[in-house]
Amino acid sequence: MRVELTDVVLRDGLQDEPGVVSTSDKVEVARALLAAGLRVLEVASFVSPSKVPQLADAEDVLAALPRPADVRWCGIALNARGVRRAARTRLDELRIVVSAGAGHSRANAGRETGDALAEFADALSSFPGHVVGAVSTAFHCPYDGPVPLARLLSVVRGFREMGVREISLADTLGTASTDQVLRSVHAVREEFPDAVLSLHLHDAHGQALSTVDAAIAAGVSRFDSALGGLGGCPFAPGASGNLATEALVEHLHRRGVETGVSEAALSAARERLATALRA
């Protein structure tokens, strides 16, 4: 079996770091990840530079990145303005982010969940590339607690009504149990059998790798991770770091799951990231 990994360190990983990594350093880390065999990288965030200054150079990063035919460069947007910015770049895949948790939606996007969905529905026609519906706080909201399945399904339904087929479910806090994630995966699959699902896992309690195993057994084959386990949402109090790409790759290889990623080259990429963070 083979899985597809998306490394998100240059977006989710850097957004909560105290310093700003230069555009040139970001590009070099991206090149190191490509050399390791990663082919899908989340590298940009089209959000307010005043709120997330670490990612203010989205357009410059995308202009400077190499363009191998087998690589997808991904970015996120929280609103219509972000979609329009992304449409003016060479972005391959746009992840439109809507929070299932009402409190997190207000803190992260400045609007209610339903309003965020409606705004995206009106704006998506301007983006020519592939679109993924990313459900933030899909399982637990830092402000409202556990997310009811009905609320999660309503967000997925909103994406599907826009014509978005690929859905990413994010454990933004990293606290969801494996059973909770699987219940949600099964519920989404039952109502939307043609949806393509991926998981974005943070790792507060060391349960993320067990969740990956269970999700693979349930038929999920796409996962996000971040080099070095960096990351966390600045607007989700208590959010932990992402599942580390190197830990995930090693774990999968031990179980005979193919990733196309070189563990040795991934170690070199982590060293390049460490250098960038020290600069």
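Just so it is clear, none of the values below were taken in a lab; they were calculated from the coordinates. Everything numeric here is computed off the predicted structure, so don't read it as measured data. Positions of Cβ are generated from backbone atoms using ideal geometry, with glycine treated the same way; all protein chains shown enter the neighbour counts.
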Please give the length that would be gained between Ala279 and Ala69 if that part of the chain were fully extended, namely 0.36 nm times their separation in residues minus their C-alpha to C-alpha distance (nm, one decimal).
72.5 nm
If I stretch the segment between Asp179 and Glu263 completely, what's the gain in nm (0.36 nm per residue apart, minus their alpha carbon distance), one decimal?
27.3 nm
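Tally the DSSP beta bridges in the chain and give the antiparallel ones as a percent, rounded to 5.
Details: 3 of 40 bridges.
If I count the DSSP bridges inside the chain, around 10 percent turn out antiparallel.
Give, as a single signed number, the net charge of other residues whose beta carbon lies under 9 Å from the beta carbon of Leu230, with Lys and Arg counted +1 and Asp and Glu -1.
Numbers: positive: none; negative: Asp12, Asp16, Glu17.
Around Leu230, the charge tally is -3.
May I ask you to derive the relative contact order of the range 4-278, considering only C-alpha pairs under 8 Å and at least 6 residues apart, and to give it as an integer percent? Before the final figure, lay out the partial values.
On the way: 565 pairs, mean separation 60.5, N = 275.
Relative contact order here is 22 percent.
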Plugging the Kirkwood radius over Cα pairs into Stokes-Einstein for the chain, at a temperature of 20 °C and a viscosity of 1.002 mPa s, what D comes out in µm²/s?
116 µm²/s
Cα-projected label distance for Arg254 with Glu4, points at 7 Å along beta-carbon direction, nm
2.7 nm
Give me the distance in nm between label points sitting 7 Å out from Cα along the Cα-to-Cβ direction at Asp92 and His186, one decimal.
3.5 nm
Need one number: nm distance between label points at Arg165 and Asp60, each 7 Å from Cα along Cα→Cβ, rounded to one decimal.
3.8 nm
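Rounded if a/c is under 1.5, else prolate if a/b is larger than b/c, else oblate: which is the range 202-270, with a ≥ b ≥ c the root eigenvalues of its Cα gyration tensor?
Working: a/c = 2.35, a/b = 1.25, b/c = 1.88.
In terms of gyration-tensor shape, oblate.
With viscosity set to 0.890 mPa s and temperature to 25 °C, compute the Stokes-Einstein D of the range 1-158, Rh being the Kirkwood radius across alpha carbon pairs; µm²/s, no decimals.
Working: Rh = 16.2 Å.
Calculated translational D: 151 µm²/s.
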Where does each of 227-233, 260-266, 152-158 land if you order them by average Cβ count within 10 Å, highest first?
227-233, 152-158, 260-266
